[in-house]
Amino acid sequence: MTNPDASHLNRLVLVVEDEGSLADILVAYLQRDGLRTQHADNGLTALQNFRQNRPDIVLLDIRLPGIDGVDVLKTIRAESDTPVIMVTAMADDVDKLVSLRMGADDYVVKPFNPAEVVARVRAVLRRTAAAGQQRPSMLRVGRLQIDRSAHAASVRDDDGTTRPLPLTLTEYKLLETMANQPRRCFTRSDLVEACLPESDALDRVIDSHLSKLRRKLEVGGCGDMIDTVRGIGYRLWPES
């Protein structure tokens, strides 16, 4: 019988698991469901494979030799929006909330049914694919252009040429977050939650990042697009 939901077929799953027998079972179930797989048994190898092969989704064990799964997740989130499902033997709700807050898309606890894990993988791939279709890769606000797929921003001149903005990752995240809803006023807490969820940074740290971002926009020719709303926060105000 043909699977009516074949959108996941041939997608690449990076399985990060140091228990060889468990990794073999997961790989076998995933491949039987039409997915391609790669396996890493430690955090360093996982990051190397991730950067080299850019998998469509990562199954990531928390307890790993060397670099643990939480640090691997932090690094992945700093570099991409690739979906990640955390796998752990600990059923502690606090650990679950911490991982999800840092950007994990789902969470499964050992022991588990491998077929259920495959179903979770398919569900996350389906959800992220739908989100990607709904959200255009290029966002334009005034003369500002944001390429979500490249995590890059540029300024479009009157003659149609573009000049890249040299942004840090945090500056890019702040700019994209505000550009998604131009003229909306974001509180500092809103921006910390959206752009630095894994950090213990105080709200005032956002002021420093936005000050640097504002200067880069001005140098880039976008004028003063970041408007300070006294006593509330910030908003991106496109040039008229």
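The values are calculated or read from the model by the stated rules, or taken from the named source; none is laboratory data. Everything quoted here is computed from the prediction, not taken from an experiment. Every residue, glycine among them, receives a Cβ derived from its backbone with ideal geometry; neighbour counts consider all protein chains shown. For the accessible areas, the whole protein counts, side chains as well, though only heavy atoms, and no ligand, DNA or RNA atoms are used. Shrake-Rupley method; radii C 1.70, N 1.55, O 1.52, S 1.80 Å.
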> Given the conditions (1) outside any strand (DSSP E or B); (2) modelled with pLDDT of 90 or more; (3) open to solvent by 10 Å² or more (accessible area, probe 1.4 Å), and given that Ala46 satisfies all but one, which numbered condition is not satisfied?
Replying inline: (3)
> What's the number of the condition Tyr172 fails, among (1) of a type in the set (Phe, Trp, Tyr); (2) closer than 18 Å to Val84 by Cβ; (3) within 14 Å of the chain's Cα centre (by Cα)?
Replying inline: (2)
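Among the residues of segment 134-151, is there at least one that is of a type in the set (S, T, N, Q) and either under 20 Å from Gly221 (Cα atoms) or in contact (Cβ under 8 Å) with a residue 60 or more places away in the chain (or both)? I'd like the intermediate steps shown before the answer.
We begin by selecting, within segment 134-151, every residue of a type in the set (S, T, N, Q); these are 134, 137, 145, 149.
Still in the list and also either under 20 Å from Gly221 (Cα atoms) or in contact (Cβ under 8 Å) with a residue 60 or more places away in the chain (or both): 145.
Checking segment 134-151: at least one residue is of a type in the set (S, T, N, Q) and either under 20 Å from Gly221 (Cα atoms) or in contact (Cβ under 8 Å) with a residue 60 or more places away in the chain (or both).
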>> Looking at Pro164 and the list (1) open to solvent by 60 Å² or more (accessible area, probe 1.4 Å); (2) under 18 Å from the mean Cα position of the chain (by Cα), which single condition is not satisfied?
In response: (2)
> Within segment 50-68, restricting attention to residues that are at pLDDT below 90 and in a helix (DSSP H, G or I), which residue is most open to solvent (accessible area, probe 1.4 Å)?
Replying inline: Gln52
